[in-house]
Amino acid sequence: MNKNSSALHEKDGISPPETTSKSSAEKIKLNRAKQNSVSEFVAKILEGNITFLSKAITLVESTNSKHQEKANQILEKCLPHANKSIRIGITGVPGVGKSTFIESYGKYLTSKGNKVAVLAVDPSSSVNKGSILGDKTRMEQLVTDKNAFIRPSPSGTSLGGVAQKTRESIILCEAAGYDTIIIETVGVGQSETVVHSMVDFFLLLKLAGAGDELQGIKRGIIEMADAIVINKADGENERNTKIAKVEFNRALHLYPLKESTWQPKVLTASALHNKGIDEINQMILEYISLTKDNKYFSKKRNEQNKYWLLSTIDQQLKANFYNKPEVKNALQNEINNLENGITTPFNAAKKLLNL
């Protein structure tokens with residue numbers, strides 16, 4: 001045996017075959033480079049193609065100016081096919097079971113022949129700006145339902161429990177034929193207010209025995225709720241749920257009657273065991289029927305459109321201001337002046353706005 005040879009010496013063998021042929025690789029590259037036209041996007045969305053629907057929502061959420069221009073054209077062409085759904089906002093503190101409830105309710109609706117789109121909003125980190133976007137994992141049964149579409153989005157810098165482009169995503173989902181749009185907010189407590197300005201029915205999930213029964217007598221998010229559902233009404237918690245229901249009912253009667261003439265209701269449910277889901281759906285249908293009959297439904301949607309017009313103007317003005325090169329330079333100078341105690345925040349802001 002050669003003294004330079006080793007027991008670990010590897011003999012020449014057969015080279016493993018390429019897993020991807022050159023022609024396949026070129027085809028993938030061409031598909032990635034191909035840009036679908038606005039008319040292609042619209043046609044596919046109207047067919048209910050979820051791949052193109054997802055791509056369109058990605059364009060809507062993009063900050064790239066070319067993407068925004070294309071997204072606006074798609075939205076404009078989809079708008080005549082929108083506004084034919086029931087929009088439901090669902091909120092509640094972390095741990096209340098929002099995802100489990102939405103999956104249970106979504107499966108109930110699809111079993112009745114409805115098409116359900118879930119726009120789930122995940123909180124973004126203030127440190128690294130990232131989001132987990134794990135709602136598809138939590139709704140493992142609904143995500144495989146052919147009549148359901150789940151789209152998680154990061155909240156980004158927008159406040160109020162929703163993503164900045166949730167409103168536009170609703171229009172695209174409606175154009176794709178989804179008749180029930182469920183918006184799941186980030187669930188951070190009493191700041192979930194913006195979602196109220198984009199839904200027809202606002203549902204608040206609560207927990208019994210969590211020490212927040214007295215929150216029912218505070219104004220804020222509960223005042224906006226069209227219904228309160230006390231979730232996890234099962235096992236040892238069932239008794240606490242009944243007590244909490246009585247407390248919340250008393251609290252709701254302290255508020256004046258809503259403009260819609262609807263008296264908010266308190267129901268109990270166990271999303272894990274599919275208990276109470278049918279009653280909740282019947283209540284929502286009752287609300288929609290009432291508000292359509294008394295014309296409040298269309299009035300509210302018109303008010304929401306005005307709100308989003310003004311909100312969009314505010315966002316655009318802010319974006320235009322910060323994107324001006326002279327503002328960027330002057331802003332850094334004023335920050336330096338603030339740090340050195342030369343100016344005050346109010347004077348610095350006034351100077352920048354005068355630009």
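The values are calculated or read from the model by the stated rules, or taken from the named source; none is laboratory data. Since we're looking at a predicted model, the values are computed, not measured. Neighbour counts are summed over all protein chains in view; Cβ atoms, including those assigned to glycine, are modelled from backbone coordinates with ideal geometry. Just so you know, the surface numbers come from the protein's heavy atoms only, side chains and all, with ligands and any DNA or RNA stripped out. Shrake-Rupley method; radii C 1.70, N 1.55, O 1.52, S 1.80 Å.
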For this session: Subtracting the Cα-Cα distance from 0.36 nm times the residue separation, let me have the gained length for Lys146 to Glu279 in nm, one decimal.
Result: 45.4 nm
Seminar exercise, completed: Cα-Cα longer than 21 Å, checked against Lys44/Lys84; Lys206/Lys295; Lys77/Lys292, kept in input order, equals Lys206/Lys295; Lys77/Lys292
For this session: Could you check the simple spin-label distance between Ala319 and Lys22, using points 7 Å along Cα→Cβ, in nm with one decimal?
Result: 4.4
Exercise. How big is the Rg/Rh ratio for region 259-355, C-alpha atoms only, Rh by Kirkwood, two decimals?
Worked result: 1.34
For this session: Roll a 1.4 Å probe over the protein chains and send me the accessible area per residue for region 215-355 in Å².
Result: 64
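Computed FRET efficiency, Cβ-Cβ of Glu303 and Lys55, R0 35 Å: what is it to the nearest 0.05? Before the final figure, lay out the partial values.
Working: r = 31 Å, r/R0 = 0.90.
Once the sixth-power term is evaluated, E becomes 0.65.
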